[in-house]
């Protein structure tokens with residue numbers, strides 16, 4: 001097969017997947033970069049409130065992934081992708097109007113602008129109602145966003161299987177998956193700036209509108225490779241080399257699969273469970289890095305996402321994840337040395353699973369400089385992206401093309417569940433740590449203010465002191481000249497410890513379930 005004569009249009013399609021994933025992660029990041037410094041002061045959110053919103057987003061995304069895979073397989077790639085990005089773009093823009101809806105529900109002020117909504121909300125004295133109403137509205141906006149975003153990876157993985165042979169899929173996946181890194185990279189440089197100068201609402205609107213631009217390119221540039229006028233005969237042979245080889249091994253007779261692609265049928269195979277468990281254990285780690293790093297820098301080091309230091313730190317952290325391009329190259333190297341696709345991928349994933357152990361050092365050495373955790377967490381995030389590119393490709397290695405989106409959706413459900421648990425318990429843990437592990441002048445905070453130990457009295461205590469949450473109260477004490485040690489850093493140490501070991505645990509379970517390459521027949 002003469003690859004030199006083959007066209008390269010498959011890489012154009014890969015670039016479209018890259019930009020879709022970039023937009024996907026930009027839309028996902030707007031809330032994490034605005035809630036702590038822009039939205040929370042307006043609605044008085046706590047870590048637990050934000051944790052609840054992100055956790056429910058994870059559940060919506062997880063369930064959406066399960067059905068998105070079936071939806072894409074049923075509707076097929078082109079229409080499926082258009083529906084997905086259209087829905088999530090609408091969901092992204094809906095966030096901007098949560099403030100107006102809150103002012104309408106609580107103050108009867110519906111026909112006001114963004115600034116008018118802020119003024120109306122500020123006049124509402126029942127802080128608890130402001131919190132509850134705003135949280136419910138943001139949860140709804142996150143629901144629409146999640147349902148749409150759930151279609152991105154099933155559609156992208158299916159497109160990759162259509163346009164690339166097995167030996168190239170991990171590399172192609174690592175390229176389009178790098179869009180998540182670029183999205184995370186561009187987000188701190190753009191979103192806080194938009195929020196600072198034009199309001200947090202405009203950051204949701206401007207970023208959300210990008211999806212509609214992408215849809216125009218997808219309509220005119222994508223089609224199946226076998227009918228696409230820009231895919232020449234040699235490139236088509238290169239793309240379909242695995243199918244051609246299988247047909248030759250079958251004596252020139254193309255084997256028509258007879259089994260139906262259903263979720264139940266897929267769940268009968270250990271390969272599905274290996275993929276799902278790998279996603280369950282590790283997806284939440286990446287989402288934690290995305291959703292909580294801006295808040296981490298703000299809470300532990302006092303660095304806001306709108307500050308130059310905050311923007312630079314997040315930019316550097318996500319820049320390091322660009323090293324994940326190695327994640328696509330390394331298994332190809334092993335395969336070129338004679339290993340089968342699955343064995344090469346698993347060896348690469350084992351190597352990547354050791355790098356997150358460096359995250360264990362993030363908090364212990366954070367006192368040196370905030371750059372220490374930024375660099376170490378960046379390495380852990382890069383290892384995740386390398387791991388992610390390969391775990392996605394194991395589906396294409398072992399399942400027929402018609403089942404890829406469905407199995408990817410099952411794994412997405414598992415990954416979303418893992419993300420739900422890490423986000424919901426992170427929010428609870430951080431609020432608990434601030435209340436129970438913080439010290440004022442060397443004295444335990446709850447010993448000095450016993451009202452904080454009880455949920456009912458805590459609310460009244462906050463209202464009495466004119467604050468909305470524990471973090472605002474600690475800042476108030478600091479402004480009064482008290483020496484305050486915030487216990488939230490211990491909470492982050494606990495979560496970082498899980499993030500460090502999750503990959504080795506996941507790899508071990510996957511290897512036990514599927515010790516060697518075994519393609520699934522459906």
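Values computed for the structure shown
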quantity: Net length gained if the chain between residue 505 and residue 441 were fully extended (0.36 nm per residue, minus Cα distance); calculated: 18.9 nm
quantity: The chain, helix-only ellipticity at 222 nm - DSSP H runs n ≥ 4, -39,500 (n - 2.57), divided by all residues, nearest 500; calculated: -25000 deg cm²/dmol
quantity: For segment 374-499, convex hull volume per residue from C-alpha positions, Å³; calculated: 136
quantity: Pairwise centroid distance, computed over Cα atoms, of segment 8-64 with segment 287-309, Å; calculated: 15
quantity: Cβ-Cβ FRET estimate between residue 494 and residue 132, R0 fixed at 30 Å, reported to 0.05; calculated: 0.60
quantity: Pairwise label distance in nanometres, residue 337 with residue 217, each label 7 Å out on the Cα-Cβ vector; calculated: 3.6
quantity: Tensor-based shape of segment 267-336 (alpha-carbon gyration tensor, a/c under 1.5 rounded, otherwise prolate or oblate); calculated: oblate
quantity: Global form of segment 1-133, assessed from the alpha-carbon gyration tensor, a/c cut-off 1.5; calculated: prolate
quantity: Calculated FRET efficiency for the pair residue 354/residue 319, C-beta based, R₀ 22 Å, to 0.05; calculated: 0.55
quantity: Sites residue 475 and residue 265, calculated FRET efficiency, Cβ-Cβ separation with R0 60 Å, nearest 0.05; calculated: 0.60
quantity: Inter-part distance where segment 430-497 and segment 105-126 are each reduced to a Cα centre, Å; calculated: 29
quantity: 4 °C / 1.567 mPa s Stokes-Einstein diffusion coefficient of segment 375-448, Kirkwood radius on C-alpha pairs, µm²/s; calculated: 82
quantity: Segments 496-503, 274-281 sorted - mean Cβ within 10 Å per residue, highest first; calculated: 274-281, 496-503
quantity: Segment 363-410: C-alpha pair distances exceeding 11 Å, %; calculated: 71
quantity: Sequence ranges 123-130, 360-367, 427-434, 29-36, ranked by mean other-Cβ count within 10 angstrom, highest first; calculated: 29-36, 427-434, 360-367, 123-130
quantity: Cα-based Rg and Dmax for segment 110-181, where Dmax is the largest Cα-Cα distance (Å); calculated: 21.2, 62
quantity: Mean separation of Cα contacts under 8 Å (6+ apart) over length of the chain, as relative contact order %; calculated: 26
quantity: Distance between modelled label sites at residue 451 and residue 210, nm, 7 Å Cα→Cβ extension; calculated: 4.5
quantity: For segment 75-126, radius of gyration divided by Kirkwood radius, i.e. Rg to Rh on alpha-carbons; calculated: 1.29
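Where a number appears in this text, it was derived from the coordinates with a stated rule and is not lab data. No experiment lies behind these values; they were computed from the predicted model shown. Quick reminder, even Gly has a Cβ in these numbers, built from the backbone with ideal geometry, and neighbours come from all protein chains shown.
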